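One structure is given below, encoded as structure tokens.
The values are calculated or read from the model by the stated rules, or taken from the named source; none is laboratory data. Note that the structure is predicted; figures quoted are calculated from it, not measured. Cβ placement follows ideal geometry from the backbone for every residue including glycine, while neighbour counts extend to all protein chains displayed.
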Amino acid sequence: EPEVTQTPSHQVTQMGQEVILRCVPISNHLYFYWYRQILGQKVEFLVSFYNNEISEKSEIFDDQFSVERPDGSNFTLKIRSTKLEDSAMYFCASMRLVNSPLHFGNGTRLTVT
Amino acid sequence: GIQVEQSPPDLILQEGANSTLRCNFSDSVNNLQWFHQNPWGQLINLFYIPSGTKQNGRLSATTVATERYSLLYISSSQTTDSGVYFCAVEDNDMRFGAGTRLTVKP
């Protein structure tokens, strides 16, 4: 069964550095998402992406964050100048159609030291 | 935005017991999904269920959209059912509830 893949599974970075989290959504899906989960807390929406542009973004998704779909398969989340509080699990998800099941990748655990 | 409330926040069961998890939401929705986050952190889609009832093995879900709630039933629970169960509803984007943490003891 096709799945969403994320790399790396774990990334450690120093405060102030830039990180890029990578995702390959399911190939025939049209809607893409990034979510964040701080350890032990709820899953928080960051941004949705459709037709090569951002559809919605949350208050968390400020100028520090950006997303890109550089080619037909990858979907990336860039975090500039990371802060300690950016430490979390970041999940990519994709959806075939607007009202259809949402499929998650296994996440990237980001640790900012 | 839409509010999503899940209950109970924590649930401890003995293996073989049945349970019902509840999700209340504050406005009408076209998209409601249940997810299981296993102890390894993976988020698994259980049901896409904006209305009606669905069953998948020992799990079933019912959404009563007019009354703004959904229920997830787990029958004959197993230790592998442990984890956190999230309800998510669409409000321009998929918003998650705080989850129900289920622990099934052998």
Matching option when the condition is within 25 Å of residue B:30 (Cβ to Cβ) and either within 15 Å of the chain's Cα centre (by Cα) or part of a strand (DSSP E or B) (or both), among A:110, A:97, A:46, A:77: A:46
- prompt: Can you name the condition, by its number, that residue A:35 falls short on among (1) farther than 20 Å from residue B:35 by Cβ; (2) in a strand (DSSP E or B); (3) not acidic (Asp, Glu)?
  reply: (1)
task: Can you tell me which residue within segment B:41-100, out of those that are part of a strand (DSSP E or B), free of Cβ contacts under 8 Å to residues at least 24 places away in the same chain and of a type in the set (Gly, Ala, Ser), is surrounded by the fewest Cβ atoms within 10 Å (Cβ to Cβ)?
output: B:52
statement: Picked from segment B:89-106 (must be among the charged types (D, E, K, R) and more than 14 Å from residue B:9 (Cβ to Cβ)), the residue farthest from the other protein chains (Cβ to nearest Cβ) is B:105
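Please go through segment B:9-40 and pick out each residue that is in a loop (DSSP other than H, G, I, E, B) and under 20 Å from residue A:95 (Cα atoms).
B:29, B:30, B:31
When segment A:49-74 is examined, which residues are found to be within 13 Å of chain B (Cβ to nearest Cβ), in a strand (DSSP E or B) and farther than 19 Å from residue A:107 by Cβ?
A:50, A:54, A:55, A:56, A:57, listed by residue number.
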- prompt: Here are some residues: B:106, B:39. Which one is farther than 22 Å from residue A:104 by Cβ and over 11 Å from the mean Cα position of the chain (by Cα)?
  reply: B:106
message: Yes or no: segment A:78-92 includes at least one residue that is surrounded by fewer than 17 Cβ atoms within 10 Å (Cβ to Cβ), away from chain B (no Cβ under 11 Å) and of a type in the set (Asp, Glu).
response: yes
query: Going through segment B:52-88 one residue at a time, which ones are at pLDDT below 95 and within 14 Å of chain A (Cβ to nearest Cβ)?
result: B:65
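Quick check on segment B:24-38: of everything there that is under 27 Å from residue B:77 (Cα atoms) and out of contact with any Asp or Glu (no Cβ under 7 Å at 6 or more places or on another chain), which residue is nearest to the other protein chains (Cβ to nearest Cβ)?
Applying the first criterion (under 27 Å from residue B:77 (Cα atoms)) to segment B:24-38 yields B:24-25, B:31-38.
Filter again for out of contact with any Asp or Glu (no Cβ under 7 Å at 6 or more places or on another chain), leaving B:25, B:32-38.
Numbers: B:25: 15, B:32: 10, B:33: 6, B:34: 10, B:35: 8, B:36: 11, B:37: 8, B:38: 10 Å.
Filtering segment B:24-38 for residues that are under 27 Å from residue B:77 (Cα atoms) and out of contact with any Asp or Glu (no Cβ under 7 Å at 6 or more places or on another chain), the one nearest to the other protein chains (Cβ to nearest Cβ) comes out as B:33.
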